[in-house]
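S.K.: Below are the structure tokens for one structure; questions will follow.
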Amino acid sequence: MKIALDAMGGDFAPDINIDGAKRALADFSDIEKIYLVGREDEVKASCDRFGLTGSRIEIVPASEVVEMHESGLMAVRQKKNSSMSVAVDLVKSGDAHAVVSAGNTGAAVAASTIKLRLLRGVERAGIVTQLPNEFGVCNVTDTGANPDAKPRHLVGYAMMASILAKYIYGKQMPKVGVMSNGSEDEKGNDFTKETFTILKHLASQGRLPFDFVGNVEGHDLFEHEMDVVLTDGFTGNVLLKTCEATAKAFGKWLKVELKKNPLRMTGAMMSKGAFGAMKQRLGYDAVGGSPLLGVNGVSIIAHGGSNAVAIRNALRVASEMLRARVNPLIEEAMEQLGEIPNASDLANK
């Protein structure tokens, strides 16, 4: 498999991307080649610093960079030769099988959606982010691709994310719920109620390849065995950033408290291994990147603050999706599902 890496994407580019690519090539023999897309002189200098050479890498020149503050859609339209656009173009042309970027999320979504188009049967693409819980991970979708989603879009997200949960995370019958303000059937706003109604109807007809458990609350993400939680991109993005900020704040507060006296510091030293394990479990670098499901190609969006480990793992996620044939499985599942009804039509029956 061949993967295009946006070498200029991320807060610490290009070095973290080059270091991450070197780690991935050392660890994953099935990655045949990584295309390093970006400003040629900068990418080459970074490769020299990290000693990254050989036939499994190829530098693809791209003179422009999409900055984090730019409008994603405008950047895709105006910066035709950006590292992100050129990387996606490699997938579009068939030279690469997947693209990985830690750059501007909006631009990554826009470039992937516009250039690669959507899979057969998919109405909207959605970002799926893995949050750690007591049972492995909870796949939350959408976390930023489509802030103004419709209930039927969430049905598509459920189908796609359940494929991911089954074939990547080994959940034979994924548990899927709708994010709401209570677990009772009648809870929620019009949007979540309509989503619930459609999924409940499809479940009663035996058309869903997953276990629809109904409404779920925020604490269910971490306390219960939830494999997929559905929400719109606006709410999902707020949820994701809140979780990230909470984890960081907790870590800072804990460090301050542990340094308050020698006894606590001694205890902290004895628990260093446990703290390290918790940091690894909660950090986004272990996950690597979030798949943008629904586009006709594998597109992985990594965190802007990614380090080399995160980039290595984002490349791993891309290779896992290719090996599992996630996109063909999504198309098959959407075809088997058939037409998705509107909640208003069901209410009139």
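The values are calculated or read from the model by the stated rules, or taken from the named source; none is laboratory data. If you're wondering where the values come from, they're calculated on a predicted model, not measured in any experiment. A quick note on method: Cβ atoms are made from the backbone with ideal geometry, for glycine too, and the neighbour counts reach across all protein chains shown. In case anyone asks, the SASA skips ligands and DNA or RNA and just uses the protein heavy atoms, side chains included. Shrake-Rupley method; radii C 1.70, N 1.55, O 1.52, S 1.80 Å.
S.K.: Looking only at segment 168-195, which residues are under 25 Å from Asn327 (Cα atoms) and not in a strand (DSSP E or B)?
M.R.: Ile168, Tyr169, Gly170, Lys171, Gln172, Met173, Pro174, Thr195, listed by residue number.
Conditions (1) under 23 Å from Gly288 (Cα atoms); (2) among the aliphatic types (A, V, I, L, M); (3) surrounded by 22 or more Cβ atoms within 10 Å (Cβ to Cβ), marked per residue:
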position: Gly54; (1), (2), (3): no, no, no
position: Ile59; (1), (2), (3): yes, yes, no
position: Met68; (1), (2), (3): yes, yes, no
position: Ala75; (1), (2), (3): no, yes, yes
position: Lys79; (1), (2), (3): no, no, no
position: Ser85; (1), (2), (3): yes, no, yes
position: Asp89; (1), (2), (3): yes, no, no
position: Gly106; (1), (2), (3): yes, no, no
position: Val109; (1), (2), (3): yes, yes, yes
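S.K.: Now for a separate question. For segment 194-220, enumerate the residues that are in contact with a Gly (Cβ under 9 Å, 6 or more places away or on another chain), open to solvent by 40 Å² or more (accessible area, probe 1.4 Å) and without any contact (Cβ under 8 Å) to a residue 60 or more places away in the chain.
M.R.: Selection gives Lys200, Val213, Glu217.
S.K.: Now for a different question. Only residues in segment 13-39 that are at pLDDT 95 or above count as the first member; pair them with residues that are open to solvent by 10 Å² or more (accessible area, probe 1.4 Å) and among the polar types (S, T, N, Q), Cβ under 6 angstrom, at least 6 apart or cross-chain, and list the lot.
M.R.: Close Cβ pairs (under 6 Å, with a partner that is open to solvent by 10 Å² or more (accessible area, probe 1.4 Å) and among the polar types (S, T, N, Q)) amount to Ile16/Asn307.
S.K.: For Met269, only one of the following conditions fails: (1) within 26 Å of the chain's Cα centre (by Cα); (2) open to solvent by 40 Å² or more (accessible area, probe 1.4 Å). What is its number?
M.R.: Of everything listed in (1) within 26 Å of the chain's Cα centre (by Cα); (2) open to solvent by 40 Å² or more (accessible area, probe 1.4 Å), Met269 misses just condition (1).
S.K.: To continue, here is another question. From the list Lys259, Lys252, Lys241, which one is surrounded by fewer than 15 Cβ atoms within 10 Å (Cβ to Cβ), out of contact with any Phe, Trp or Tyr (no Cβ under 6 Å at 6 or more places or on another chain) and within 24 Å of Ala110 (Cα to Cα)? Quick ask: steps written out before the conclusion?
M.R.: Working: Lys259 fails: within 24 Å of Ala110 (Cα to Cα); Lys252 fails: within 24 Å of Ala110 (Cα to Cα).
Going through Lys259, Lys252, Lys241 in turn, just one is surrounded by fewer than 15 Cβ atoms within 10 Å (Cβ to Cβ), out of contact with any Phe, Trp or Tyr (no Cβ under 6 Å at 6 or more places or on another chain) and within 24 Å of Ala110 (Cα to Cα): Lys241.
S.K.: Looking at segment 122-133, can you tell me whether even one residue there is surrounded by fewer than 24 Cβ atoms within 10 Å (Cβ to Cβ), more than 30 Å from Gly218 (Cα to Cα) and not acidic (Asp, Glu)?
M.R.: no
S.K.: Next question, about the same structure. Sort out which residues of segment 288-336 are over 16 Å from the mean Cα position of the chain (by Cα) and either closer than 21 Å to Ser93 by Cβ or of a type in the set (Asp, Glu) (or both), and write them in order of number.
M.R.: Passing the criteria: Arg325, Pro328, Glu331, Glu332, Glu335.
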